[in-house]
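These notes concern the structure reproduced below.
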Amino acid sequence: MMEYWISIIEGLLYMVGDEGLTVDQIASVTELDPLVVDEYLEHISNSCQTDSNRGIELVCYGGLYKFVTKASVHEYAAKLFALPERNKLSQAALETLAIIAYKQPITRVEIEDIRGVNCDAMLHKLLAKALIKEVGRSEAVGKPILYGVTDEFMDAFKLMSLDELPELPNLNNDEELNLFNEVAE
């Protein structure tokens, strides 16, 4: 039975990505006792640490548990993101980047409201390419991360300031998204 719950908890942690989960959140969703959740999280953490064949580890920062890449992978990740074919941005990444540039500081949920789709992967990609960064925390419930563009973004798009971005008219979300697509091209 322990293996079953460990796989559920691992799946939940994978799904939320960088947002992480607290013991209480996991306990609430799984209806397990928080002490049991603690035990399972410790088991997952130990398993990741002791198995040299795994490229991830479980960490807890500020009471939030999440998976991160082991340090041994970093050198290869840097090579991966340096590959020329990996340097091109997909349409989805360009849309997400345009939304952040125009609306910063902005949360993941606000970006998803505009795009209408999950943007976790795009945020990870843009963070890895150093085109966006975390610029703080919102005062909204849960204190979500606020994103903004970086100096690397300004260099990549040859902008002296964000004032150089084309002005956006007042539009509804569908029209806004179409305009973001045009700007990103």
Residues (at pLDDT 90 or above and among the hydrophobic types (A, V, I, L, M, F, W, C)) located in segment 1-22
5, 6, 8, 9, 12, 13, 21
Just name the residue that is nearest to the chain's Cα centre (by Cα) out of those in segment 121-143 that are surrounded by 15 or more Cβ atoms within 10 Å (Cβ to Cβ) and charged (D, E, K, R).
125
Go through (1) surrounded by fewer than 17 Cβ atoms within 10 Å (Cβ to Cβ); (2) at pLDDT 85 or above for residue 115 and report which single condition fails.
(1)
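Scanning for something in contact with a helix residue (DSSP H, G or I) (Cβ under 9 Å, 6 or more places away or on another chain), among the aromatic types (Phe, Trp, Tyr) and within 14 Å of residue 150 (Cα to Cα), does segment 98-106 turn up at least one residue? Give the steps one after another, and end with the answer.
Within segment 98-106, the first condition is being in contact with a helix residue (DSSP H, G or I) (Cβ under 9 Å, 6 or more places away or on another chain), and the residues that meet it are 98-104, 106.
Those left that are additionally among the aromatic types (Phe, Trp, Tyr): 102.
So of that shortlist, the ones also within 14 Å of residue 150 (Cα to Cα) come out as 102.
Looking for residues that are in contact with a helix residue (DSSP H, G or I) (Cβ under 9 Å, 6 or more places away or on another chain), among the aromatic types (Phe, Trp, Tyr) and within 14 Å of residue 150 (Cα to Cα), one finds at least one in segment 98-106, hence yes.
The values are calculated or read from the model by the stated rules, or taken from the named source; none is laboratory data. It should be emphasised that the depicted structure is a prediction, and the values quoted were computed from it without experimental measurement. Virtual Cβ from ideal backbone geometry, glycine too; neighbours counted across all protein chains shown.
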